[in-house]
Amino acid sequence: MECKVETPFSFSLEDDTGAVIVQTAPGKVVTHRGGTITLPCRYHHEPEDVDPKRIRIKWTKVSDAFQFEDVFVALGRQQKAFGSYRGRVSLERAGPGDASVIIHNITLQDYGRYECEVTNDMEDDTGFVNLDLEGVVFPYYPPSGRYKLNYHQAEEVCRQQDAILASHAQLHKAWLEGLDWCNAGWLEDGSVQYPISHPRDQCGHKDSPPGVRNYGYRHKDDERYDAFCFTSNLNGHVYFLKRFKKVNYLEAVKACQRDNAVIAKVGQLYAAWKIQLLDRCEAGWVEDGSIRYPIINPRARCGGPEPGVRNLGFPDKKFRLYGVYCFRRNTYVHLYNFTRLLEMRCQSSLN
């Protein structure tokens, strides 16, 4: 099971009646996309004389904007998962007082804060668990140029590149790991920020300390910036397609298809660089029409002294010729999705 709990369990504060006490991990649990994780939650009663069939367990996802999304509810032996969690969430059932849930096939959207609520008739208590994902943050702007995206467009371009808008915590971690980017971009909470590791005049002020610059919360419809996207494990692999000749964009798409793959998205190339340590000093097409290549071990002929994904921009798709990066999904992921689809159809027919 892919799970790390970064802090030990601790008891949440007891409610006024003391009837239900919930115990959760106050830190965070860590996994990656495609993994399986347990969100830990335990409870007990004072006094211990409660019928287990009367215990209601509810898990809810809570966003930074205090929006609530139902995840899972159980009452006795009756269980129900909601929305995208259907077919992926179940109680751990590790013994009496265990309200932990197991989430399978973790998605990027699962990242965030979860509330565990245990109710006994009119008495209840809650605890919180933070689910973090191992992955990579990358800056993104579309072919139309820099500072062209409102918040909703930034959400969409990240999704198109197999990613989501990054959180402040994810961007801050990326900055600690060396991310330096002089253009401001949207984050998932609606703020606009950018990370500076090497202060210079064109990026604020040369004498300012390094850090994550913050423009605050901006108007989501009217103001335009770049985006900071986050992606995680690939559930597949990215590779540079070896060919005898270079190709234009349309030929690149078809070449990947003939190789039983698809042209790689930007987020997939970043994930391959960060997680699979893909190092290739050859420029190639990716899905959005840009030319990029991933470098783990910098060398003089491969574009600069720092590791990273090099971006050569958006050339003419018809006349410019390059290599291509392809993505092939793992077979077991197709099987899992097919099985889940059958389960959902079966459940729908029973209802």
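The values are calculated or read from the model by the stated rules, or taken from the named source; none is laboratory data. Given the structure is predicted, the values throughout are model-derived calculations rather than measurements. Using ideal geometry, Cβ is built from the backbone for each residue, glycine included, and neighbour counts are taken over all protein chains shown. These area figures cover heavy atoms from the full protein model, side chains too; ligands, DNA and RNA do not enter into them. Shrake-Rupley method; radii C 1.70, N 1.55, O 1.52, S 1.80 Å.
Quick look at the values:
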{"quantity": "Helix-derived mean residue ellipticity, 222 nm - over the chain, DSSP H n ≥ 4, -39500 (n - 2.57), to 500", "calculated": "-5000 deg cm²/dmol"}
{"quantity": "Positive-end residue of ALA255, LEU108, TRP181, charge dipole of the chain with Cβ unit charges", "calculated": "ALA255"}
{"quantity": "Flagged links, alpha-carbon separation over 25 Å, of LYS173/LYS242; LYS245/LYS317; LYS245/LYS265", "calculated": "LYS173/LYS242"}
{"quantity": "Principal-axis tilt of helix 331-350 within the chain, Cα atoms, nearest 10 degrees", "calculated": "40"}
{"quantity": "Exposure of ILE102 as accessible area (Å², to 10), given a probe of 1.4 Å and all protein chains", "calculated": "30"}
{"quantity": "Protein accessible area in the chain, 1.4 Å probe - carbon and sulfur %", "calculated": "52"}
{"quantity": "ARG328 - accessible surface, heavy atoms, 1.4 Å probe, Å² rounded to 10", "calculated": "70"}
{"quantity": "Set of lysines near LYS53 by C-alpha distance (under 17 Å), chain-local residues within fewer than 8 positions excluded", "calculated": "LYS80"}
{"quantity": "Distance between region 102-166 and region 217-266 - C-alpha centres, whole angstrom", "calculated": "20"}
{"quantity": "Total formal charge among the other residues, if their Cβ is under 11 angstrom from that of LYS246, Lys/Arg +1 and Asp/Glu -1", "calculated": "+1"}
{"quantity": "Cα-projected label distance for LEU312 with HIS219, points at 7 Å along beta-carbon direction, nm", "calculated": "4.0"}
{"quantity": "Candidates ALA300, ALA283, ALA154, ranked by Gaussian network fluctuation over the chain, Cα under 10 Å, top entry", "calculated": "ALA300"}
